[in-house]
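Single-structure report; data block below.
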Amino acid sequence: MSEVRPNVTMIAAVGRNGVIGDGETMPWHLSEDLKFFKRTTMGHPMVMGRRTFDSMGALPGRRSVVVTRSRDWSHDGVEVAHSVEEALDLVAGDGEVFVVGGGEVYRLALPYVARLVITEVDQSPEGSVTFPEIDPEDWVETSREARTGFAWVTYERSSRPPEAR
Ligand SMILES: NC(=O)c1ccc[n+]([C@@H]2O[C@H](COP(=O)([O-])OP(=O)(O)OC[C@H]3O[C@@H](n4cnc5c(N)ncnc54)[C@H](OP(=O)(O)O)[C@@H]3O)[C@@H](O)[C@H]2O)c1
């Protein structure tokens with residue numbers, strides 16, 4: 001049975017080599033892409049790992065759910081979940097939900113995601129944190145908008161049944 005939740009979107013900026021960060025920060029500063037992230041996620045709940053929360057803090061105008069194993073972690077202005085499933089259940093019924101990273105949470109959430117919004121960055125930076133592979137068997141590119149130094153690309157989960165692949 002499919003685990004995919006139609007309201008769940010993943011948003012990430014990914015280098016040509018799959019790198020998304022070094023564990024603390026992002027490898028680039030793309031102000032146009034940060035504005036894109038803001039307007040895309042504004043008003044929607046966001047699910048993130050505790051390390052990503054540490055790197056960006058609570059963002060205004062968006063409900064934030066932070067995933068941590070720690071039972072005593074808390075922070076003003078955010079909700080806490082102890083698994084990705086618990087986080088997605090908390091925001092179920094609140095419209096489109098964005099999974100915003102980082103590497104561990106992208107991997108845990110991928111089976112539940114219906115759509116990927118990826119900034120493909122024309123750089124191959126150093127960094128230990130990567131985005132999971134976007135398998136062309138599972139994902140279809142549905143839009144692409146090229147900019148200088150990067151492109152905004154949307155993927156929808158392939159509707160082809162596994163036996164037709
Ligand atoms: N380029 C992009 O678009 C983008 C977006 C977001 C983040 N990033 C980058 O990604 C890096 C951070 O990613 P990351 O992979 O190191 O960390 P992360 O996914 O943000 O957070 C990892 C944390 O999530 C919690 N966690 C992981 N698995 C869990 C589970 N099964 N159950 C409960 N909690 C769990 C743990 O928190 P506790 O340790 O508290 O238990 C773990 O330390 C940074 O460099 C950041 O800048 C890049």
Identify all residues within the range 41-56 that are open to solvent by less than 30 Å² (accessible area, probe 1.4 Å) and either more than 12 Å from the ligand (Cβ to nearest atom) or assigned to a helix (DSSP H, G or I) (or both); write none if there are none. Thr41, Pro45, Thr52, Phe53
Limited to the range 126-141, what total is found for residues that are touching an Asp or Glu at 6+ places or on another chain (Cβ under 8 Å) and either part of a strand (DSSP E or B) or within 11 Å of the ligand (Cβ to nearest atom) (or both)? 5
Restricting attention to the range 94-104, does a residue exist that is in a loop (DSSP other than H, G, I, E, B) and modelled with pLDDT under 95? yes
Checking the structure you have, find out if any residue of the range 61-80 is touching a residue at least 40 places away in the same chain (Cβ under 8 Å) and assigned to a loop (DSSP other than H, G, I, E, B). no
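The values are calculated or read from the model by the stated rules, or taken from the named source; none is laboratory data. Here the structure is a predicted model, which means the values were calculated and not measured. Methodologically, a virtual Cβ is constructed for each residue, glycine included, from the backbone with ideal geometry; neighbour enumeration extends over all protein chains shown. To get the accessible areas, we keep the full protein, side chains included, count just its heavy atoms, and leave off ligands, DNA and RNA. Shrake-Rupley method; radii C 1.70, N 1.55, O 1.52, S 1.80 Å.
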